[in-house]
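Working notes, beginning with the structure itself.
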Amino acid sequence: MPRHCEWFTGQPPMLTLLLALPFLAALAVAMSRGASRRTIAWMAAAAPLLGLALLAAMTPDVFAGAIPQSSFPWIPQVGLMFTLRLDGLAWMFAGLVLGIGALIVMYARYYLSEKDCSSRFFAYLLLFMGAMLGMVLAGNLLLLVVFWELTSISSFLLIGFWTHNQDARQGARMALSITGMGGLALLGGVLLIGRVTGSYELDVVLASGDLIRASAEYPAILALVLAGIFTKSAQFPFHFWLPQAMAAPTPVSAYLHSATMVKAGVFLLARLHPALAGTDLFFYVVTTAGAITLLVGAWYAIFQHDLKGLLAYSTISHLGLITLLFGLSTPMAVVAGVFHIINHATFKASLFMAAGIIDHECGTRDMRRLGNLRRYLPWTSVLAIVASLAMAGIPLLNGFLSKEMFFAEALDIEQHGGMRLVVSIVAMLAGLLGVAYSLRFVHDTFFGRGPRALPVEPHEPPRWMRIPVAILVVMCLAVGIAPGLIVEPTLKAAVDGTLGAAAPDFKLALWHGFNLPLAMSFAGLVGGVAFYFGLRRLFALHDAMLRTWGRHLFQVNVEALFRAAARFTSRVAAGGIRRSLFWMIAVVVLVAALPFIGPAGALFADLPAPQPMPVLGWMLWAILVVSTLATVAVHGRRLTALIVIGAVGLLVSVIFALLSAPDLALTQLLVEMVTIAMLMMALNYLPKQSKQARRPFRRWRDAALSVFAGAGVAGLAYAMLVRPSQTISGEMLARSLPEAYGSNVVNVILVDFRGFDTYGEIVVFAVAALVVHALLRWARLKPDEVMPGPPVQLPIPADLTQLLFPLALTVSIYLFLRGHNAPGGGFIAGLAIAVPVLIKYTLQGARAVEATFGFDYLRWLGVGLLVATVGGLGSLLFGLPFLTSGHLDLDLPVIGYLPLASALVFDTGVYMVVFAGALLMLSTMGTVKHRQRAMEETR
């Protein structure tokens, strides 16, 4: 049994630091947009290089059978723990992710053009690296799913990096759609596994294989998990998205095909193999899918004209080979599958980078225009030819060894009827086709006639652009010549991490004598050469192009979905916002009423009598009712209605104060001030009166719906106000000070007890601000064309508005610092500091405000979210759940006793997000030109 060791010794755990490195580097790179490309590349390379150093420090323990672990509670109530574990399989994949990632960074430094945004590219790449690293290190299945989905999102950003390229945008959307659906299926399978085993911890799941296979839910579990695996690793029939992703920059393609993204699926297949394999259902489904993918990918690869297209389909074929080996499920088949993962990563990364060099130095990847490049790019040609031979499985190269093992395992199938013959034929055909498409890559690119009508004169790339290719090619040779010395310890550790106690004892050697697998290799080599040159004579490969039906069906379904959405929109929203609001409120009323139909309706039956209300309360209630009715009466006159709505909001804040809720009263008051100012700005672009409904039926219909909705809300509010006070509020009042170190229970709920809710709310607020900014950004003008201000300039001196800001800043900081023990907090303080800026916008216009303050609201918004996130993650370092609050008492010489709560850091992020988000929306709105004012006035 493997030994487990804990790396938490008062310092940050090594595994946590290993995982954090790419994300920290991504943040640093994203914030260094003014730096040179060389500096940014070095910053990006630091993460994988330091990660490899940390990995090397843990290697002796991993190779000795230990499993370093680090675990923090995240959401333990649902079984989600931030558990990281490094067994042999995770060690091997982490080494591939970091090692090849470092080479990709070096390569991309020379591949990217001056027009490409280096900081954005390397930030996306590091995010992708961190997501993949988190997935392979995850020791909790729910955590694995989180990082699984993050790989889909980050790959979407990388594939669509060239946003000006329509193919890149389509490829990114297709990849996200297919892998995203697979991720949802995987989540369903993981939830079922957790229900069967009672835990999501990987150690428990891997030890519960018999329990899972014996469960009645095993077929559903297998179907859902394999759906996630097959979509991610481009298995038939989901293989078509991978060639479409070739519109990405070549460094992305090289990384995606060798060590990340598509390898995520086969990694999960290896990771869950002890828990899911061992049944006939697993054998037939996985083996069949792998065999079909192996042949389909190899066949389509032969007919591609784009170098990257050929390599993409060859990747599909090799992924099918790996899947087929894991489907066979014998111990040595698993060894062969893990071994081929390593081999494929090395030769495929080098081939993609070589294809990128050819594209970079020749201006095209079309093999119909290439040829004879060995005369122009001699060093690159040698490296690419050697890597191609490794892909074809030629002796003395690493691909030959794993291909031999594949042939041997195909011949050793003893059960499952005639599957031995079927798999052996598939293996033979795959070897033949693999030689054929590898030969086409070599022959049509580096030999024959050409090049033809290239846009540039071919030449060798910079030396350091070839170094990553050379390193990988040397690895192909070293593993092929001396496998026992170079790769056997790594492979044994990886197989032990995959199979555990069932791992077989094996030895890697270059020569196993004359046997049937060697004869199959020789036959595949001869047959592949004959097949390729036979195809050239019969079919004119330069003119042939096979149509991929999967991509065609996907596009047809997407177009059908858009047509259905357009028809639905035309029926629901064709009448403008009035019809949309009607349907939205109608659905809300219906759904909200369903729980109260039947026995649940007794909620309102036993309500206690209300408490007597003072005269002031009745007066405020009467004014509120009158103001609300007045809003309905004057809603057609927009400015008048806005004034009345503001009065309603003010009365609500006074009622909150009357009910001893000062935090709510302050929040309501400041929200009213901010929203009224924004709406006044918006009125500049609207006609003075709204369009009235001409049909009486619609007016009565809307009135009836409003009465139902209002009565429902009133009933719920009444039930809440008169319910007994012995509820959860008493528990929160009792725990607020001793556990969260705050006397203001409202603020404690926001930043501690329900801090995760608040975190989600500020993320939504930030997204809303960004959406408003994005929607109105296109209409922004040059500085001399910014909206001059409101239609009527009020006689208020500019100096007076200028003095409002420092005064409001003082009040804001005061409210912020006292918020944990008295009314206030980050949300209220953020609105308070926004008010004077809003007033200046309203009185003097956007141009004057931007000249005076000049805040970068987008940067403030991002920094605020980052501060809130860091404030929540800090608790993980102490083994506590996300956003757990801590407390520190300081006795300072001059200031005296100073109590500090860690929730202040999170509240600071809330403060910044609220302030920046509100002003981002306002500043964007204040710089929109008056578009078609006359047309709007006539409506």
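Read-outs throughout are calculated quantities, based only on the coordinates presented, and are distinct from any laboratory measurement. Note that the coordinates shown come from a computational prediction; the quantities given were computed from them, not determined experimentally. Virtual Cβ from ideal backbone geometry, glycine too; neighbours counted across all protein chains shown.
At a 10 Å Cβ-Cβ cut-off, how would you order K492, K348, K308, K507, fewest neighbours first?
Starting with the residue having the fewest Cβ neighbours, the order is K507, K492, K308, K348.
Find how much the distance from A657 to V422 grows on full extension, using 0.36 nm per residue of separation minus their present alpha carbon separation; answer in nm with one decimal.
76.7 nm
In terms of modelled amide H atoms, which long-range or inter-chain residues lie less than 5 Å from the amide H of A66?
Amide H neighbours of A66: R3.
Give me the number: length gained by fully extending L281 to I481, i.e. 0.36 nm times residue separation minus the C-alpha to C-alpha distance, one decimal in nm.
68.2 nm
On a full-extension model of 0.36 nm per residue, what is the gain between V588 and R723, subtracting their alpha-carbon distance, rounded to one decimal in nm?
46.2 nm
Taking amide H positions as placed in the peptide plane 1.01 Å from N, state which residues far from N140 in sequence (5 or more) or on other chains have amide H under 5 Å from it.
T83, L202
Around T884, which amide H atoms from residues at least 5 apart in sequence, or from another chain, sit under 5 Å from its own amide H, with H modelled in the peptide plane?
S875
Applying the Karplus parametrisation 6.51 cos²θ - 1.76 cosθ + 1.60 with θ = phi - 60° to the phi angles of segment 242-247, what ³J(HN,Hα) value in whole Hz is obtained for each residue in order, glycine and proline being reported as x?
Running phi through 6.51 cos²θ - 1.76 cosθ + 1.60 with θ = phi - 60° gives 5, x, 5, 6, 6, 6 Hz.
Calculate, for L683 and A703, the FRET efficiency according to 1/(1 + (r/R0)^6) with r their C-beta to C-beta distance and R0 25 Å; round to the nearest 0.05.
0.50
Using θ = phi - 60° and the Karplus curve 6.51 cos²θ - 1.76 cosθ + 1.60, what whole-Hz ³J(HN,Hα) does each residue of segment 109-114 get, with Gly and Pro shown as x?
Per-residue couplings from phi come out as 4, 9, 6, 5, 8, 5 Hz.
Using R₀ = 25 Å, calculate the FRET efficiency as 1/(1 + (r/R₀)^6) where r is the Cβ-Cβ separation of R375 and R537; round to 0.05.
0.50
Against the longest principal axis of the chain, how steep is helix 218-232, in degrees 0 to 90 to the nearest 10, with axes from Cα atoms?
80 degrees
Could you calculate the FRET efficiency of E559 with A223 from 1/(1 + (r/R0)^6), where r is the beta carbon distance between them and R0 is 35 Å, rounded to 0.05?
0.80
For the chain, what does -39500 (n - 2.57) per DSSP helix run (n ≥ 4), summed and divided by total residues, give at 222 nm, in deg cm²/dmol to the nearest 500?
-23000 deg cm²/dmol
Compute the orientation-averaged projected area for segment 13-276 from the convex hull of its Cα atoms and round it to one decimal in nm².
That works out to 13.5 nm², a quarter of the Cα hull's surface.
Just to confirm the number: angle between the C-alpha axis of helix 696-722 and the first principal axis of the chain, 0 to 90 degrees, nearest 10?
Relative to the chain, helix 696-722 is tipped by roughly 90 degrees.
Among I316, I481, I655, rank each residue by its count of other Cβ atoms within 10 Å, from fewest to most, as a rough exposure measure.
In order of increasing Cβ crowding within 10 Å: I481, I655, I316.
Å³ per residue of the Cα convex hull, for segment 278-546?
Enclosed volume per residue, from the Cα hull, is 121 Å³.
Where does the chain land on the Kirkwood hydrodynamic radius, alpha-carbon pairs, in angstrom?
It works out to 31.8 Å.
Which whole-Hz couplings ³J(HN,Hα) result when phi for each residue of segment 253-261 is put into the Karplus expression 6.51 cos²θ - 1.76 cosθ + 1.60, θ = phi - 60°, listed in order with x for Gly and Pro?
Running phi through 6.51 cos²θ - 1.76 cosθ + 1.60 with θ = phi - 60° gives 4, 4, 6, 5, 8, 9, 10, 9, 6 Hz.
Nearest 20 debye, what's the magnitude of the dipole of the chain about its Cα centre given +1 on Lys and Arg Cβ and -1 on Asp and Glu Cβ?
3580 debye
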